Amino acid sequence: MGFPAAAGDKPYKFLIYGRTGWIGGLLGKLCQAQGVDFEYGTGRLENRASLEADLAAVKPTHVFNAAGVTGRPNVDWCESHKVETIRTNVVGTLTLADVCRERGLVLINYATGCIFEYDLGHPLGSGIGFKEEDTPNFIGSFYSKTKAMVEELLKNYENVCTLRVRMPISSDLLNPRNFITKITRYEKVVNIPNSMTILDELLPISIEMAKRNLTGIWNFTNPGVVSHNEILEMYRDYINPNFSWKNFTLEEQAKVIVAPRSNNELDASKLKKEFPELLSIKESLIKNVFKPNQKTAAA
């Protein structure tokens, strides 16, 4: 599962794509904190020559791809901007993987786990999660469709580490991309258990994965699931005791969104085996998100 990367005994030098994005920005801060040399890529993912110029100038030991189109304000944007979505999420990602492979470089690719939905073999509430080798079964949104396509193609690139991120959460509760921030601002929320990614805990793990030259597909979520209501109850208990919310059904939600959304549980046992210290989703939420932000007297 490791890749014989070109780094050898050289000090680490990371090349990161996605400087203006949430994950890309956090990665740079983590590298600074760890004293790891890094630069942000300036090339466009879909422009091969610009990527080759970046690699020649920076001479990285590892490359991180946190660039991509998720759509603003949400993935519904992708439904009406299909070519733009393909250009970055498919053409761009594949071009970067190919350029890295030519140079023997590991590419850490922040992908998505929103390519599955609960089904008969993985029923909601069963604790049976989708594994890394399972075939995606959710193509309800064009965004998810492109992500499933590119994941399938990237399986052929032995230098790529694909990290399936889901509903990312961080301790920055003011960030509009944060899943917690999103649902606290919604008029109504559904209430479905899901696998999620606590970035404060998992992004440092992704840096360690690069250092270990790990490749292949990884479910990049904390073990277990948590529901919208459980998160909002924690928010009320730790942050705002006066907070209240309203639920609605998937059928009601469908009337106010363009594309259906993915709900699933991913099996994180592969990641847990490699990183035994990995916390369950509810433990990680309390330790990494709610305790550091606590405003109530006692929870």
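The values are calculated or read from the model by the stated rules, or taken from the named source; none is laboratory data. Not measured: the values here are computed from a predicted model. Positions of Cβ are backbone-derived with ideal geometry, glycine not excepted, and every protein chain shown enters the neighbour counts. These area figures cover heavy atoms from the full protein model, side chains too; ligands, DNA and RNA do not enter into them. Shrake-Rupley method; radii C 1.70, N 1.55, O 1.52, S 1.80 Å.
Among DSSP beta bridges lying fully in the chain, give the percent that are antiparallel, nearest 5.
10
Please list, in chain and number order, the residues 5+ apart from residue 189 or on another chain whose amide H is under 5 Å from its amide H, with Hs placed from the backbone.
The list, which skips near neighbours in sequence, is 246, 247, 248.
Under a 1.4 angstrom probe, counting protein chains only, how are 122, 62 ranked by accessible area, largest first? Show your work: numbers first, answer last.
Working: 122 30, 62 0 Å².
Listed by decreasing accessible area, they come as 122, 62.
Taking 8 Å as the Cα distance limit and 6 or more residues as the minimum spacing, I'd like the relative contact order of the chain as a percentage. Write out the running numbers ahead of the final one.
On the way: 556 pairs, mean separation 58.9, N = 299.
So the answer I get is 20 percent.
Between 0 and 90 degrees, rounded to the nearest ten: what's the tilt of helix 48-58 against the longest Cα principal axis of the chain?
The two axes meet at around 80 degrees.
Work through the residues other than residue 284 whose Cβ is under 10 Å from its Cβ and net out their charges, Lys, Arg +1 and Asp, Glu -1. All intermediate terms of the calculation are to be shown ahead of the outcome.
Values: positive: 282, 287; negative: 200, 201, 283.
Residues close to residue 284 contribute a combined charge of -1.
Beyond a 23 Å Cα-Cα separation, which of these cross-linked pairs lie in this structure: 29/291; 147/270; 29/211; 145/211; 131/282? Could the numbers behind the result be given before it?
Values: 29/291 21 Å; 147/270 21 Å; 29/211 17 Å; 145/211 31 Å; 131/282 20 Å.
Over 23 Å apart, Cα to Cα: 145/211.
Computed from the coordinates I sent, Cα extents along the principal axes in Å equals one of [x] 88, 48, 40; [y] 80, 47, 37; [z] 54, 41, 33. Tell me the label.
Matching entry in [x] 88, 48, 40; [y] 80, 47, 37; [z] 54, 41, 33: [z].
If you place +1 on the Cβ of every Lys and Arg, -1 on the Cβ of every Asp and Glu, and leave all else neutral, what size is the dipole of the chain about its Cα centre, to the nearest 20 Debye? Let's see the in-between values first.
Working: 35 positive and 34 negative charges, 118 e Å.
Using only the charged Cβ atoms, the result is roughly 560 debye.
Helix 142-154 against the longest principal axis of the chain: what's the angle in degrees, Cα atoms only, rounded to the nearest 10?
Tilt relative to the chain: about 40 degrees.
Nearest 500 deg cm²/dmol is fine: what mean residue ellipticity at 222 nm does the chain get from its DSSP H runs of n ≥ 4 alone, each adding -39,500 (n - 2.57), divided by its residue count? Write out the running numbers ahead of the final one.
On the way: 12 runs with 102 residues, N = 299.
Computed ellipticity for the chain at 222 nm equals -9500 deg cm²/dmol.
Alpha carbon centre of segment 220-299 versus segment 158-175: separation in Å?
Here the answer is 14 Å between Cα centres.
With a point put 7 Å past each Cα toward its Cβ, work out how far residue 269 is from residue 243 in nm, to one decimal.
Simple spin-label model gives 3.3 nm for this pair.
Students often forget the sequence filter, so: which aspartates and glutamates lie under 18 Å Cα-Cα from residue 155 once same-chain residues fewer than 8 apart are removed?
By straight Cα distance, residue 155 reaches 98, 102, 132, 133, 134.
Taking the chain as the reference, fit the longest principal axis to its C-alpha atoms, fit the long axis of helix 199-211 to the helix C-alpha atoms, and give the angle between the two in degrees, 0 to 90, nearest 10.
Result, in degrees: 20.
Treating only the Cβ atoms of Lys and Arg (+1) and Asp and Glu (-1) as charged, compute the dipole magnitude of segment 111-229 about its Cα centre; round to the nearest 20 debye.
Details: 12 positive and 13 negative charges, 60 e Å.
It works out to roughly 280 debye.
Could you give me the ³J(HN,Hα) list for segment 62-74, computed from phi with Karplus coefficients 6.51, -1.76, 1.60 and θ = phi - 60°, whole Hz, x at Gly and Pro?
Once rounded to whole Hz, the list reads 8, 10, 10, 10, 10, 9, x, 9, 9, x, 10, x, 7.
Using a 1.4 angstrom probe on heavy atoms only, work out the carbon and sulfur share of the accessible area of segment 1-147 in %. Can you show the working numbers first?
On the way: 3680 of 6860 Å².
Looking at segment 1-147 in its full context, I get 54 percent from C and S.
Provide the net charge surrounding residue 46, with neighbours chosen by a C-beta distance below 14 Å and charges set as Lys +1, Arg +1, Asp -1, Glu -1. Each step should come with its number before you reach the end.
On the way: positive: 44, 48, 87; negative: 52, 54, 84, 98.
Taking every Cβ under 14 Å from that of residue 46, the sum is -1.
Give me the accessible area of residue 249, 1.4 Å probe, in Å² rounded to the nearest 10.
That residue has around 60 Å² of solvent-accessible surface.
Quick one: pull the percent of accessible area on segment 153-227 belonging to carbon and sulfur, 1.4 Å probe, ligands and nucleic acids left out. Can you show the working numbers first?
Numbers: 1220 of 2380 Å².
Carbon and sulfur: 51 percent of the exposed surface of segment 153-227.
Per residue, how much accessible surface does the chain expose to a 1.4 Å probe? Answer in Å², no decimals. Kindly include the intermediate steps, with their values, before the conclusion.
Values: 13590 Å² over 299 residues.
Ligands and nucleic acids excluded, the figure is 45 Å² per residue.
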